Each structure stands twice: as C-alpha cells, then as structure tokens.
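Scroll down for the structure; my scribbles are underneath it.
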Protein chains: 4
Amino acid sequence: MSHNTFGHLFRVTTWGESHGPSLGCVVDGCPPGIRFTLKDIQDELDRRRPGQSRFVTQRREPDEVRLLSGFLTEEDGVTLVTTGTPISMLIENVDQRSKDYGEIARQYRPGHADYTYDMKYGLRDYRGGGRSSARETAARVAAGAIARKVVPGMVVRGALVAMGEKSIDRANWDWDFIGDAENPFFTPDRGSVTAFAEYLDGVRKAGSSVGAVIEIVAEGVPAGLGAPIYGKLDQDIASNLMSINAVKGVEIGNGFEAARITGEQNADEMRMGNDGKPFFLSNHAGGILGGISTGQPVVARFAVKPTSSILTPRKSVDKSGSDVDVMTKGRHDPCVGIRAVPIGEAMVACAIADHYLRHRGQTGRV
Amino acid sequence: MSHNTFGHLFRVTTWGESHGPSLGCVVDGCPPGIRFTLKDIQDELDRRRPGQSRFVTQRREPDEVRLLSGFLTEEDGVTLVTTGTPISMLIENVDQRSKDYGEIARQYRPGHADYTYDMKYGLRDYRGGGRSSARETAARVAAGAIARKVVPGMVVRGALVAMGEKSIDRANWDWDFIGDAENPFFTPDRGSVTAFAEYLDGVRKAGSSVGAVIEIVAEGVPAGLGAPIYGKLDQDIASNLMSINAVKGVEIGNGFEAARITGEQNADEMRMGNDGKPFFLSNHAGGILGGISTGQPVVARFAVKPTSSILTPRKSVDKSGSDVDVMTKGRHDPCVGIRAVPIGEAMVACAIADHYLRHRGQTGRV
Amino acid sequence: MSHNTFGHLFRVTTWGESHGPSLGCVVDGCPPGIRFTLKDIQDELDRRRPGQSRFVTQRREPDEVRLLSGFLTEEDGVTLVTTGTPISMLIENVDQRSKDYGEIARQYRPGHADYTYDMKYGLRDYRGGGRSSARETAARVAAGAIARKVVPGMVVRGALVAMGEKSIDRANWDWDFIGDAENPFFTPDRGSVTAFAEYLDGVRKAGSSVGAVIEIVAEGVPAGLGAPIYGKLDQDIASNLMSINAVKGVEIGNGFEAARITGEQNADEMRMGNDGKPFFLSNHAGGILGGISTGQPVVARFAVKPTSSILTPRKSVDKSGSDVDVMTKGRHDPCVGIRAVPIGEAMVACAIADHYLRHRGQTGRV
Amino acid sequence: MSHNTFGHLFRVTTWGESHGPSLGCVVDGCPPGIRFTLKDIQDELDRRRPGQSRFVTQRREPDEVRLLSGFLTEEDGVTLVTTGTPISMLIENVDQRSKDYGEIARQYRPGHADYTYDMKYGLRDYRGGGRSSARETAARVAAGAIARKVVPGMVVRGALVAMGEKSIDRANWDWDFIGDAENPFFTPDRGSVTAFAEYLDGVRKAGSSVGAVIEIVAEGVPAGLGAPIYGKLDQDIASNLMSINAVKGVEIGNGFEAARITGEQNADEMRMGNDGKPFFLSNHAGGILGGISTGQPVVARFAVKPTSSILTPRKSVDKSGSDVDVMTKGRHDPCVGIRAVPIGEAMVACAIADHYLRHRGQTGRV
C-alpha cells in the first residue's frame, strides 16, 4: 500500500501537515555504510526553501532538518554513515502565521483539495492545506538527498524549461547557471531570466498565477535498472512525479512528441565506440527502453498547473451547500512550479535508487 | 513489489511470453458476489484482438480466454459470480509463426528492449519480444473486464485522438461511433476516418510507423477515491498507463496545457445545482483534485510512440559487439497506438477499482 | 516490503534506536473520524514502561509520547480526532546512561544480534542494542493504542501465563487482577504472585534470566476477518508476534496441543442460540477457522526466551576473531517476558485492525 | 497486500480450487540464469502427492506440472533456465469425483472454514473445500522447487517428529531414511515406523484423525539474511508456515522450550574455529539471532491439527439456522500432517530465497 509511502527496497514514508508542530519522513531500506553529512541534506532543503525571492511564497521557514535515527557519527563529528536501519528526519514548522480561517474552513476553494477531502474523509484540516500543503515536499527533498548517495556516480539535476507561455531556448542550456545567485527560476538559460521575471511580475501583480514545465535529467544511471512490465523504471518515475502537488502530466524522453513522429525519426541508433562499448546516436527514449535503463541519461519532464490560490474571486460552494465567491488572501506562489525543481530531482533520485537496489536484489548484477 | 503485479486491494498479476504456450493473469482481491459472463471478458479481448483490419498486425490469434478459478456458475450456466478468491485467466498462443530468429537473436533492434534485457538479465527470450510483447496486454484487458464490474455504475471508454501529425476534431466527438464497423481506428470523430486511413496507408506502405495519442474517460466514479499524497488516483492511473508498452507520456485533465495557462483559466468553478448537489462548471482537473476524485469524469491521455519495427534499416550493434544494420521483416503494426485504446481503458478501470476498494477499506464511505 | 513497516491498510512504520535522541512511529491508513485522547496512548505506554518494579530493567524513561500529525483537536482541547492522514508519534530517549562501550563494541554477546548485525550490515550501532533494543517496542505500543480504536467494540487483553518452570493456575483467571498494583507480573492468577516473585528474585540475584509465555485474547472481533490463504488472520497475528524481540514461538487457540489430540477432541461444535445466532460449544480454534475469524475470542500465545544479558560469563568471539568471555554488566531484565504483555496486545490489535479494514475494503461487509 | 501472494522480491501467487479445472502459481522475481529441469519440480510434487499409502487420502491425482512461462530451454531439450520473468505453473485437477454435495453445501462442518467463508464472502464454493483445499499446497511445493535453487548451496529438508501422542526418538535421526520406500511417514527415525503405523491404523479405522508436528531444517543459509524488526527471517518463516492449512503453532529453534529455561541454558556460545571462522557450540536459536541468520542451520517446527473430516457425527448448524449433525463421508486423511512435510520445506525455502534477494538488494553483500 502506498497512501504515504513510496518505493519498495528504498522506501520513503512522509508525515505531517503544514500547521502541525513539524513534518518529516522515514527512509527505510537504505544500504548500510553510506557516508553523508547533515549539510548534504540541508543544502537540498535550502534549494527548495520558500522566501528566497519575490517570485515564491513569502512564508519564512528555516527548514532545518534534524536527523533522529539510522546513522553513526564518525570520529570527525561531521561525517555520518548509514547503519541500514530507518533514517528518521524531522523539520519543525516555524512560521504558522495565526489567522482567522473562518471562511476557508467552510468554503471549497476551486482547484484545491478542499471539496475532495470532505468527500473522502468527511472532515479535513483546513489549516494551510493540511496534508496537501507544499510543505510536505520538504520531506521528499530530504529523502532524495539520501537517495542521491545510493547509486554510485549518479547525478540528478533539474531545470525549469517553460513558465506559462514562455519557454527557454534549449540552445543556451547551461547546468552551471541554475545555481547562480541571479537565477531565481532554476532556468538553465541565462537569456531567459529577464523575460521570465517580467512575465512573472505581471502575473504576480495581477494576483494571478501560472504553470510551468520542469525537466529532470539523471546521469550515471547504470544500464539494466527497471523491469519490462509493471515495474518499469519510467513508470515509477512517472508515478513519483505525479505524486507531487499540482502535477498534471509527465513524459519520458521525447514524450508526447513521440506520438507525432515516425519510427525512423524516433529510433535511437547504436554503434560500437572506440572504447569497445556500444553507444547511442540519440536519446529520444530518455534513457529507458522497454522499462529498463539503457545507460544513457534518464530524462523526464512534468507539467505543474498554476497555483489555485489567486486574488480574483472564483465561484464555489461551501460546506452547507451555499454558493459563495472564494478569493485567496495573503501570501501565495505566483508560479509554484519554480520550487518544484528540487522536488522533482528528489523524486527521480528516489525512484532510481529503489530500482538500483531491486535490480541488485534480483540479478546481483550491480 | 511490482515487477509483474499492480494494484493493492484489486491486484493483477500477469505472466507469459509471446512465444510460449500461453499467457494469462491472476486477479486477486476482487469482491465476492460480482456477476459477470465469459462473454463480458471475451468481448473486451475481441476489441484488442489483432488482425481485424489492414492497419494492425496480421498475426492471427483467436485470443479465447479460459477461466480457471475464482467463480461459481449460476443455474443458467452462463452467469458467473465471483467468490472473492483469485480469478485465474489463460489465453493460448496459437499463431507462433515458426521462423529463423538467427539474426534477431543476436542483434539489438533500435527502440526495442533487446539491449536493455541483456543488460538487466544477461540473457533474453528473443522470440517475439519475450515479456515485452504486445500480447501481454491481452491479460490486462481480461483483468480490466473484471475491474469494470467492481465500481457500481462506472463506465470507462477510450478513443484515439491523434495519430502522428493528424488529430481528430473534438467538436465531432461521438462515443457511439467508436464501435462502428467502419471505424478501424477507435476514433470518436467520423470525419477523421478517411484522413487517418489515407495517412496510415502511406505510412504502412513505406514500411514506416507512427505514434498516437489516446484519451480515456471514466464516468460514474464516485467522489472521494484516491489519497492526498503517494496514493493519488491520478498517480496510479499514470503509473498504470505508463506500464503499457511504448507509452512515453501521460496527462490528466488538461495536462501539459495546464502549464501554459493562468490560475483563473485553470480553475474549475462550482455552483449548487437544483438537485441540492454541487456541480462543476468545467473539468480542467480531469476529475481529480489533490489526488482525490471529484465525482466528475476522470480524464487521462497517453502518448504511444511509433512501433520500432520498421522496414528501413537502422544502425545498431549485436551481442558480440559488431556494428550491424537492423531491418524488421514480416508483419508489424504501422500504428501500435490503435489497439492501445482498450488496453488503456482496462488499466484505468483497474486503477479506479483498486482505489474504490481502498477507499471503502479506510473510510467505509462507499 | 516490510523491514520496518507492518500492516497493509492499517500500516505502522517504526524508527529509532535506544541511544539516539528519540524513537517513534508513523501510523498510516487509520480511518478518519476516530476519537481518542493523548491519555489513551500514554496509558498504554505506561503499562510497558520500565522501572516500575524490581523485576524489570531499572532504566528510567518517562516514555512521554508526542503527537506530531494526523489529528484535529476538538473544542474541549482534549479530544482528538483522526483525519485519515499519517499519525506521527515521537518518544524522547531520556536515560541514555553514558558508559564505556569499549568491549561491547567489539564483542559478540551470545544470544544477541551483535554477530548477525555485523554479518548483515558490515557495521552496527552497538549502543544499547541499536535497532533491536526493547525500547523500539514503545513505538508498537503507541501504534497499538490507535489500533484498538479501529474495530468497534474490540477489547484486546494479555496475560503472562508461565515464567520459566512456573505456570499460572488457569482456574484462577481474573482479568481484573492484571492491572492491580500488587501484580508486577501481568499474571491473571492472584495466587501466582508470590511464587513468581520468589522464583524471579532467585533468578535475579543469581544474575540469571528466564523466559515466559504470554497469552493475548481479543474479544469483540467480528466474524469474517482474514483470508483463506496467505492473508490468514492467524498468520498475520503470528507474524506480528514473532516480530517482537526474543519471541521464539507462537500458537493460536490450542496450538501445539492440537497436534497431540484427535479430530473429535479438537472440533468446536456449534448450535443455534436462543437469540437466533449460532454459537460455538468450545474454542480450540482460538477464534479462527481457515484463516478467518469466527466471531469467538481470538486467542494467541507466544514464547519469550530468557534475556541474553546475564552476569555469568559466556564464551564468544570478538570482531577481530579472538575468543573472549562475555559478561553483561549493569541493569537488565531478569524476565523480559513480563513487559511483553502490552506489546503483544498492541501487535494483535494492529493485526486485527488491518484485517478489519482489508475485509471492509474487499467485501464491504462490516 | 497478501491475500494470495507471499514474498517480496521472490514472490509467489497461487490460484485455484480443488474442483475447478486446474490450479497453479506464478513465481515472480526469480533471478535470471538459474538452471533447473521439469523433473526437479515434479519430484517435489510427487513427494506431496496423495494416494501413495493407506495413511493419506485416496484421491488419485497425477499432479503433473506444466510450465507455461519464464524460462528458456537449452540445447539438450531438458535443461531449463530462468529468464527473470514470471514463471507460471499449472496443475490439472483430474480426480474431481462427482458427488452430491447437497448437505455439505448447506452445513457448516466443525473445524472447517465453511462458516467463516459465509461470514466473510456471503457465499462459498463448497466443493472440496474451495480455496482452502489441501490441493492448493501443490502450487506451493512447485514454487518451493524453484526457491530451492535461488540460494546457492542451500538444502532444505523436513521430517515428521510427532504424530498425536507418539514422538520420534531424536537419537535415531537419519535424514536418508526419509525418502525410504518403507517410510510412509516422513519420519527420520526408522524405529518409529511400526509404532506410527499401528497407531495411525487405529485412528483410521475408528474414522478419527490426529495431528502432527513437523520440523524443517535449512542448511547452507548464509549469515546476514533477515532484518532486525518487521522483516525478521524467523517472522517470515513463521508467517509462511502458519499460512499452511491446519497449522496452529510455529516455533523457531528451541521455541516454547526457551520460555522454560534460563539465559545460561539458552545461550549459544561461540568460539573461533581452526579455519579462522567463528562457530557456535549449540543452536538453541535455530540459526537466527535478532531476526538475522547466523549461518547455522535454520530450524523451524510447526503443529498441524487433526483433520476435521471425521466419521463421528459432530454438532453443528446449517445455513438456514437449524441445528444439524455433520459427518464426513468418503476419503479423508487420518493425519494430514504427514503430507505437510514437503509443503513446510517449500514454504521455508521460499522465505529464505526471498530474504536472500532482499539482503542482496539492500546490502550487496552476497
């Protein structure tokens, strides 16, 4: 079952609401003997942290992670090593701005899960989105920081490639620019910053919001991970990405474009390299054939819908069955997709780490 | 674990290769007391069956399903009723055309799983694609025929909405046309048949292939199915659809389009109906908010890549590490996406049936 | 997978070591709308808490549970109600007596998991038994306190029925005596206290230890829970009980005695009651037939081995491959089985709660 | 979920009723490249097959297994090799003796699952015990034959050690005697045959039945398999054995005896061997410490209740709520425990194979 858990051998369980005392995760099944530091995890959390530019929510959260179990500390006092037992991580909720939830407690905000929670559970925690709060994704990022260490040599990076009507110029792709201080968008195209900024300022000032497309690339993934049918690597990556709030579509490699082209255009041809190893002449497949990794970079993209919290009133109903107009007040993300980049990376890293262990389990081949 | 099993309470395990004696599935966890007939299952299989037009593979398979366990027969000798124990279904492989696999046994066909199987398992069953054969999907369709009965009142239908560069005109959408004898494409648009036929004839005669986009709509899905985080209904639908061979992308509701629009445009507003029940003014969300069904139709689309088996030679390598040119001989599907329609329906039905039982288990609310 | 998780619909994941900052659990899949109080959980923990008599370890732990997620607080400020999202609970480790682990860090204590941890993981947290510490069971007891609320009307109670060579007189069975302040043994037989106390004082003073047999009885379990084959209710109860540290045997109903008697003696005959409901004339089956509950009390027993920590030196080896003599110093439980009573109750409650939800999911019949 | 599936990486799903056309299993997750023959599987089935002596049911079933998927045939036409895809096996039901089930269809036989099936499912397949038929265990034995090949060097053997009031003399233990043509009891004690035969003839002629205790020993199990908490090797062995029909108790190593002795008596001391490897001076633990294998033989025992089908009328009720007297007619096993020996071996082999793959997955250490 997977209400709040994902993965099989590398398993992540998250818990916590936006307005409770804390949230966190338990990472189970991590191999023993993996060295890491608290900073490795905190650095990833800091990339996701709100409040770092005017383009993301102004909620102020330090998002300091505490490690509660599953590791030993080496003599230097800094290096930690996994023991193979569950790693529990906890993040305090600090900025629980007190406010009157009177109306929101009863109204169903369009695009939010308010109505569906009531349909499912018969009750809901209306404070801050409850379990559906974007804060839950901090736990994923923390787990992903561990997952990155599981597959030797793997590097997982992500980039925002489109925001609303604006897209990057892929010819300008520069991974190094993504961590740049002048890049609040996780865009790999330095030339896109100004256009994105102007566009999003307009959206923000209008009290509106806009969607985004994120691309995740995992390099150093050994060939052979995945399974032909219901444990396809691309299937589990898609599942993990679709579990992120507000994601409405996922594609692998050339994705929906594959539906528009011919078999000749789509084929990734192969040749033997001078090093005696086969190589591919292209990567339309996104590094996965028949559900199994090819050794090429694994490429996935996902679409994030515009934040549903907007200043323009929208028609809705309330719990008692009355028509109401709903308007979001206060802080909100004009483009929630921006901060989805490190989250997407984490989810892809977790999927691959799980398949790495599964592959080793079944075949002993890595 | 889920190498060859999917679902939690409504679980499907499939087995079998294209060139073995048979293939089949075990459906576990089906509620007891569900009435069905052998014809219910056979009818679905017949929709997926190859050889029904010049546009699909000419392999001749009767695909007759045999029911081996999990049911009682009522006095009429026709009505079957589930007992709650595993339902085993078996389909013989009849048309295993004997041929010389000499080259294919050693060559890695571009776009196929040949190379990745060898990377994963160190050996492979090269006959007919082994486990990755499209024949495996017959087992899914059989399981889906049972799943359709699990949720009272649910109707799951699918349609091909694009083929290569050609798309349907959604204004002409007519579900009834899909089963029409003059419709070899599962298109809901009568006006598209001629254009699709001409286009695909050209593709077929050129020994080429082309991709497709399929849309699945599930009506009669009660509100409340799914979960906020890692058991989202859309996540499990996406996972199920991505597990189909050749699928490279999945989207829910307006999908990737959601990334291009604003929060105002994307919001599905609500009002109270004259019947005292809330209703939605639109369905951009595809019937799912926050991972939980809204009661609206659930809408999913998936992209199928062009068949990799084409007559034009492609560059590749073989097992011994030599460069080779690979060309597929014999029968092939010019657009494998056509027959994906009943498969997609089955996978969506299975996902919803599973969530229906999970929701009933946790909440007792249906 | 189930390294640190058990249950399917009612799922419990525990984490934490004896000598880390804290330990805890995440209870996932709990139905929404269940009312409980913090005291309900704390009371169960207090029953398991060490240091309450001279017969159990003198480690002083308040074992105060903190609730971190998954509930709403009602207006009285005391009543809590589950929301259906994961319930995270945390218990601080307070009494981590600082000591020199020099020898134990390298020696393999007979009967402990020291050697096997090194064989499995290549390293281990030698402080306080690491993950195998009896403290882990506090998390189970907390989870069990929630599980008790899931099945309406269910009451799960346990009793120590034998300690080493001494057994209770079942004719004296009095459930009410178990919570008595003069009963440090969870024995249901008032007459056994003196004998147990004298016997265990002897064991304790000799620096020795002794095993015990615990019986758990769950009343109010509706008929129909379980499954005929690999989801038998007795199987999952046995699995849950065997997962408790130091448990070496489990039996259901008359258990091993069933192997010694005839079919006539073992049959639980039935008759119709005056209330129009069938009843059983005996309960050799322990409330479970063919893996499914009968509606009678569910009865399970488990054997706990003597604590391996004893003062008499035992032959062993150390990490470097030298012969050593190992002797435990400091506090220890002379009969670890005593405190296993509330743990066994919790594990049985969790198994039944899970099957209650599974049964409701598949059949809709409760 | 595990209604009809067990194992995580090495997974077995069984299906089929006694009176349907066939029964079978799907073994998923088996490593690729394992060599075996059809005879390897058939030989195990033949050991379990009924009708081989007057002491077991006279139902005549050839129990011929058919392999349907998951293997390649080597050039010799006899050696099979696993491909890593699901292995489907099928056994026809041949001897479905036609009879009038009139009464049994309505009566609840004491000790059988008749009443509980109706409570669970609201209906049942009364023919031959439905899913609870002992025939289902043939599928387990077939799966176990594969599992035995997964762990290099592992040998799993079983023996009947007690039947009703009679026990073997362990001093006479001779594994080789178990396959002896003059040994219809799977007893390892040649001297016990006459006593068992006389005793069981008396039971049989009286139309009665009697229980048994079976011991399974797995040698060649590497140290390190299992997990400290909810994936203990002994827990999963216990779960697997408890899933066998009629099993009411399971113990590991000295089991319930451990509850009666002291820590000194129970400790398995260690010393370094001349080969530079540690060895144990005893094996009270049954090869498992803290849930993890020690490298010693893994020892488990289970208690089988007497067959509930007996000739003496027993009091019961029927579906319409009337008191009835139930008497079994026709063939029955006077001691169903005898044939449980190969079943127990299979279930232990499956549990260890699964943990072998899990251990390899998490740690890469075997």
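The values are calculated or read from the model by the stated rules, or taken from the named source; none is laboratory data. Note that this is a predicted model, so its numbers are computed, not measured. All Cβ positions, even for glycine, are placed from backbone atoms using ideal geometry, and neighbour counts span all protein chains on display. Surface accessibility is based on the protein's heavy atoms, side chains included, excluding ligands, DNA and RNA. Shrake-Rupley method; radii C 1.70, N 1.55, O 1.52, S 1.80 Å.
Annotations
- Average projected area [Cα convex hull, the protein assembly as shown], square nanometres: 51.4 nm²
- At 0.692 mPa s and 37 °C, Stokes D of the stretch B:130-228 from Kirkwood alpha-carbon radius, µm² per second: 208 µm²/s
- For chain A, a simple Cβ point-charge model (Lys and Arg +1, Asp and Glu -1, everything else neutral) yields a dipole of about 820 debye relative to the Cα centre.
- 222 nm mean residue ellipticity, helices alone, for chain B (DSSP H n ≥ 4; -39,500 (n - 2.57); rounded to 500): -7000 deg cm²/dmol
- Compactness check for the stretch A:192-231: Cα Rg over 2.2 N^0.38 Å is 2.10.
- Cα gyration tensor category, rounded, prolate or oblate, for the stretch A:1-61 with a/c compared to 1.5: oblate
- Dipole magnitude of the stretch C:206-362, debye to nearest 20 (Cβ charges: Lys/Arg +1, Asp/Glu -1, about Cα centre): 460 debye
- Most mobile listed residue (D:Ser316, D:Ser208, D:Ser239) in chain D, GNM with C-alpha springs under 10 Å: D:Ser316
- Where only alpha carbons of the stretch C:312-358 are counted, the Rg and the Dmax (Å): 19.2, 52
- Rg/Rh for the stretch C:207-280 stands at 1.05; both radii use Cα atoms, and Rh follows the Kirkwood definition.
- Inter-copy label distances at D:Val94, using a point 7 Å along Cα-to-Cβ, come to 2.8, 7.1, 7.6 nm with the shortest given first.
- Span-like helix ranges in chain C, DSSP H, alpha carbon extent 20 angstrom or more, Kyte mean at least -0.5: C:136-150, C:340-363
- Fraction in percent of alpha-carbon pairs per bin - 5 Å, the stretch D:1-117: 2, 9, 14, 18, 18, 15, 11, 6, 4, 2, 1
- Rounded to the nearest 20 debye, the dipole size of the stretch D:92-239 about its Cα centre is 560 debye, using +1 on the Cβ of Lys and Arg and -1 on the Cβ of Asp and Glu.
- Relative to one another, the C-alpha centroids of the stretch D:302-336 and the stretch D:14-80 are positioned 30 Å apart.
- Taking the alpha carbon gyration tensor of chain C, multiplying each eigenvalue by 5 and rooting it gives semi-axes of 34, 26, 20 Å, largest first.
- Distances between equivalent label points of C:Asp176 across the copies, with each point positioned 7 Å along Cα→Cβ, amount to 6.6, 7.5, 8.1 nm, shortest listed first.
- Between copies, B:Asp201 shows label-point distances of 5.8, 8.5, 10.3 nm, shortest first, with the point placed 7 angstrom from Cα along Cα to C-beta.
- The Cα atoms of the stretch B:210-253 define a convex hull whose projected area, averaged across directions, is 3.8 nm².
- Annotation for the stretch D:215-253 versus the stretch C:243-257: alpha-carbon center distance of 12 Å.
- Considering the stretch D:133-185 at the alpha-carbon level, its Rg and Dmax are found to be 14.2, 38 Å.
- Overall form of the stretch D:74-213 per C-alpha gyration tensor (a/c, 1.5; a/b vs b/c): oblate
- Here the accessible area is traced with a 1.4 Å probe on the protein chains. For chain B, carbon and sulfur cover 48 percent of it.
- Options C:Ser322, C:Gly207, C:Asn183, ranked by Cα towards positive dipole end of chain C, top entry (Cβ charges): C:Ser322
- The trypsin sites (Lys or Arg not before Pro) found in the stretch C:1-48 include none that occupy coil by DSSP while having at most 15 further C-beta atoms within 10 Å.
- Per the rotation superposing chains C and D, the chain C residue found at the smallest beta carbon distance from the axis is C:Ser239, 2, distance in Å.
- Cross-linked pairs B:Lys166/B:Lys305; C:Lys315/D:Lys232; A:Lys305/B:Lys232; C:Lys166/D:Lys166; A:Lys149/C:Lys319: Cα-Cα separations exceed 18 Å for C:Lys315/D:Lys232; C:Lys166/D:Lys166; A:Lys149/C:Lys319.
- For the stretch B:207-352: rounded, prolate or oblate by the Cα gyration tensor [a/c cutoff 1.5]: prolate
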